[in-house]
Protein chains: 2
Amino acid sequence: MKRKITLKQIARELDVSISTVSKALKNSHEISQDTRDKVQAFAKLYNYRPNNIALSLKNRKTKTIGIMIPEIVHHFFSKVIKGIELVANKRGYNVIVGLSNESFDKEVINMEMLANGSIDGFILSISKETLLQQDYHHFNETINQGMPIVMFDRVVDEIQCDKVIVDDLNGAKKAVLKLLNKGCKHIAIITTNDYLSIGKLRTEGYIQALEEFNIQSNPSLILKIEDKLLSDENVDELEKQLIKLFSSNSIDGIFAVNELYAVTAMKVARSLGLSVPKDVQVISFSDGVLSKHSTPSLTTVSQHGQEMGEKAAELLINRLENEDEGDEEHYETIVIETELIERDSTK
Amino acid sequence: MKRKITLKQIARELDVSISTVSKALKNSHEISQDTRDKVQAFAKLYNYRPNNIALSLKNRKTKTIGIMIPEIVHHFFSKVIKGIELVANKRGYNVIVGLSNESFDKEVINMEMLANGSIDGFILSISKETLLQQDYHHFNETINQGMPIVMFDRVVDEIQCDKVIVDDLNGAKKAVLKLLNKGCKHIAIITTNDYLSIGKLRTEGYIQALEEFNIQSNPSLILKIEDKLLSDENVDELEKQLIKLFSSNSIDGIFAVNELYAVTAMKVARSLGLSVPKDVQVISFSDGVLSKHSTPSLTTVSQHGQEMGEKAAELLINRLENEDEGDEEHYETIVIETELIERDSTK
C-alpha cells in the first residue's frame, strides 16, 4: 500500500528537525543550500505533497474552522471551544480541534495536516514549546498563503493577525488592589514561569497594585511554580512548596494565577491552622468549576473563556466572508475585560 | 467562487432531514423512491461528492485518528482524549477532534467531513439525540465502507464494532454496597434519565445492591435529573430538587451518578443542618477534579477515562495495522473495571 510521506518521516530519515524540513521545503534562506537540496530531493523522491493552501482556497470552501489548542484537560480551553462552536454553528460553520500538547513539532504537523484542504482558517493558542523556541514560521507562512489565523490568550507581537486576549495585567492588579483594600499587608502571588506571557503579565499587575499602596514587592512572596506542577497529579509537590511559603512568611493574602493553586493554598492554610478568609484572604484567576464548589468558595477574576471563543470566531468568519475587500493590513486585537466575582474567600 | 455543496444544504433546499439525504444518497430502501430520485438529482446538479471512504482508503493512509465526542466541557471526555493521544502519539498517529454537541445532525455532518479523506478511523461516543432517535445508519455505513470505528462509554448493541465500556452496573453496586456496609439504611440515588445507558445501568446496580440487603427500592428515593441540569449554570434548579428530596425523606446515604450532583447534594445537606459523613454519607461516580478538592473530599467510583482512551486507541490502531488479516467478524468489547476511592464523605 502506497503511503503518503509526512514531514515527520522526512525529518526522521534525514535526521533534521521538523522545522528545518518545513522551512527547507519552502526554500527558506534560514536553511543552508545543502540541506534545502537534500530535503527537496528526498521529498520529490517520495512524492511529498507540500501544503498548497492557496490552491485549495481558490477551489473550495470547507465551511470548517480548525482550532489548535495546547491541551485538552483544561476548563479554560473547553470554554473557549464552546464559545467558538456557538458562533460557528450560528453562522453555518463546523469546527475541528487539533491538539499541540504544548509541543512545537505537533503544532507544525497538525497545522500542516488541517491546512491541507480540511479547513478555511485557524483559531489557535500557541504551545509553550513554540513560545520558548520563538519559532513562528508556521504561523507566518500559513497567513502568507492566504489562510487567516485568529490567536487567543497566548499570542505574540511578532505575528500579524487578529487576536483576542484577556487583560491579564489589569485583572491581576484589580484582584491585588481588592486584597489591599480589604486590609491585607503581606500578599503572596502564586504564579507560573515568566515565558508564559500570562504568568508574566499577572505578576506585573501584582507588583503595580502593591506600588499603588507604596509597598515594595518582596521576592520571597513571589512563588513561581514549575509547569509540571500545574496538573492534578502533582498536587503533593505543590503542597510542599506552599507549606514552605507559609512557614517562612507571615502571609495574610494570596493571589493565585489559577484556581488549582488557590484551592491547594487554602487547603495548606487550613492544615497550618489558618482560617480563610479570617487569617488569609484568597483571590484567584479562574474559569473553572472548582471556584464555586470549593469550601470556602473562591473569589475570582473571571477570564470569560466562552466570550473569548465567541469573539475569536466572529473575527475569523468576518475575515473569511469579506476576503475580497483586501483588509489584510488591518488586524484587530480584542481585549476582553476581566470581572471580579466576590465569594467567600475574601472578607 | 465555486462552493462545495454540503449534506446540510441539500437537506435545507429540499426540506428533508440530513439523515434522509444521507440515506437517499446511499440509495437506502428506507427512503421512498421519489425522495431518493429528488435527492440524487439535486446532488448531481450541484456536483455533490459523496463520501468515498473505500476509495480514499485504498490510496493513502492519513495516520490520523478522528475522535467524535458529545461535548467538550466535560472532564471525563478530556481524560479519554488524553488517553487516546498518549497511545496515538506513541504509535505515530495524530488525532483530530470533532464535536457532536449531543446533536444527531452534527454527528452525521462531522463524521461525513472527517471520513472524507482526513482520517483512517474513528473513536467515538454517541450523542444523546442519536441514542434517542436510535438512528445508527451513519455508523453502520462508515463501517461497511471499510473505515473502522471504536466506540467508548456510550455504545449500543446494534452496532458491530470494537467497544470500550465501564462496568457501570457493578461500579454502582459496589458503591451502594459500601454505603450499606457502613450502616446506611435510607439511600437515595441521584441519576439521569434512563435513555442514557449509563444512568440506567447505574440505577440497576443501585437496586441490585439494595436487594442483596433485602431492602425494597423506594421510588421516592430515586431522583432522575433532567439533562439540562447537568451543567454548571443550572445548579439552582438542581438544588431545589435536592432540598425537596431531603425534606420529604429521612436520608442517611446518597449515591450520585456524577460529582456535580454529589457536591451539590453535600452543599444542600449542609444548608439543612446535616453533617457529611456523620448524618449523611455520600459516594459519587466520577472522573473529575471536584472530588479531591471538595470539602469534605468525596468518596468516588473512578471511571478511569484515560485508561478507556488508551484501550480504545490500541484497539483502533491494531485494527488499522492488521486490516489484511480479515478479522472483521471478531469485534472486541473491553470492560474497564471501576475502582472505589475512599475519601472523607463516607465514615
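Over every Cα atom in segment A:130-173, the radius of gyration and the widest Cα-Cα span, Dmax, amount to 12.2, 40 Å.
Counting only other chain Cβ atoms within 10 Å of each residue's Cβ, the peptide A:291-297 averages 5.
For the chain pair A and B, the interface hides roughly 4200 square angstrom of accessible area in total, found with a 1.4 Å probe.
Counting only DSSP beta bridges with both residues in the protein assembly as shown, the antiparallel share comes to about 10 percent. Counting only other chain Cβ atoms within 10 Å of each residue's Cβ, the peptide B:90-99 averages 5. Within the accessible area of chain B, the carbon and sulfur atoms contribute 47%, probe 1.4 Å, all protein chains present. For chain B, the 222 nm mean residue ellipticity estimated from helices alone, with every DSSP H stretch of n ≥ 4 adding -39500 (n - 2.57) and the total spread over all residues, rounds to -13500 deg cm²/dmol.
Normalising by the residue count of segment A:168-304, find the relative contact order in percent from Cα pairs under 8 Å and 6+ residues apart.
Working: 217 pairs, mean separation 35.6, N = 137.
The normalised contact order for segment A:168-304 reaches 26 percent.
Exceedance of the 30 Å cut-off in Cα-Cα distance is limited, within the set A:K240/B:K178; A:K173/A:K240; A:K44/A:K82, to A:K240/B:K178; A:K44/A:K82. Partner shielding of A:254-263 amounts to 1, given as the average count of beta-carbon atoms from other chains within 10 Å of each residue beta-carbon.
The residues of chain A expose on average 42 square angstrom of accessible surface per residue, using a 1.4 Å probe on protein heavy atoms.
Label-to-label distances for B:L86 across copies, nearest first, come out at 3.3 nm, using points 7 Å from Cα in the beta-carbon direction.
In summary, the aspartates and glutamates within cross-link reach of B:K182, defined as a Cα separation below 14 angstrom excluding same-chain residues under 8 places away, comprise B:D252, B:D279, B:E342, B:D344.
Between A:N181 and B:Y46, the simple label model (points 7 Å from Cα in the Cβ direction) yields a spacing of 5.6 nm. Take B:I222, push a point 7 Å out from Cα through the beta-carbon direction, and compare it with the same point in every other copy: 6.0 nm, smallest first.
Relative contact order for chain B: what is it in percent, counting Cα pairs under 8 Å that are at least 6 residues apart?
On the way: 611 pairs, mean separation 62.2, N = 347.
Once divided by the residue count of chain B, the mean separation gives 18 percent.
Shape summary of segment B:168-304, radius of gyration then Dmax from alpha carbon positions: 13.3, 39 Å.
With Cα atoms defining each centre, segment A:88-117 and segment B:87-155 are spaced 17 Å apart in the structure. Take B:N318, move 7 Å from Cα toward the beta carbon, and the resulting point lies 5.2 nm from the same point in each other copy, nearest first.
Please go through segment A:138-229 and write out the GluC sites (Glu not before Pro) that DSSP classes as loop and that have at most 16 other C-beta atoms within 10 Å. Show your work: numbers first, answer last.
Details: sites: A:E141, A:E158, A:E204, A:E211, A:E212, A:E226; in loops: A:E158, A:E226.
Counting only loop positions with at most 16 other Cβ atoms within 10 Å, the GluC sites (Glu not before Pro) in segment A:138-229 are A:E158, A:E226.
Rg and Dmax of segment A:124-224, both derived from C-alpha coordinates alone, stand at 16.9, 55 Å. With all projection directions averaged, the alpha carbon convex hull of the protein assembly as shown covers 33.0 nm².
Can you tell which of A:H29, A:H186, A:H138 shows the greatest fluctuation in a Gaussian network model of chain A with Cα springs below 10 Å? Maximum among the listed residues: A:H29. Could you tell me how many degrees, from 0 to 90 and to the nearest 10, lie between the Cα long axis of helix B:197-212 and the main elongation axis, the longest principal axis, of the Cα atoms of chain B? Taking the Cα atoms of chain B, the angle to B:197-212 is about 30 degrees. Note on A:N249/A:V156: beta-carbon distance plugged into 1/(1 + (r/R0)^6) with R0 of 30 Å gives a FRET efficiency of 0.30. The slack in the chain from B:E237 to B:Y136, taken as 0.36 nm per residue of separation less the alpha-carbon distance, amounts to 33.0 nm.
For segment A:61-77, heavy-atom accessible area (probe 1.4 Å) falls by no less than 40 Å² from the chain alone to the full protein assembly at A:K61, A:I72, A:V73. When every Cα-Cα distance of chain B is counted in 10 angstrom steps from zero, the calculated P(r) takes the values 5, 23, 28, 21, 14, 7, 2, 0 percent. Our summary gives segment B:8-145 a relative contact order of 27 percent, counting only alpha carbon pairs under 8 angstrom and 6 or more residues apart.
The values are calculated or read from the model by the stated rules, or taken from the named source; none is laboratory data. Computed from a predicted model, the values in this text were never measured in an experiment. Every residue, glycine as well, gets a Cβ built from its backbone with ideal geometry; the counts of neighbours run over all protein chains shown. These area figures cover heavy atoms from the full protein model, side chains too; ligands, DNA and RNA do not enter into them. Shrake-Rupley method; radii C 1.70, N 1.55, O 1.52, S 1.80 Å.
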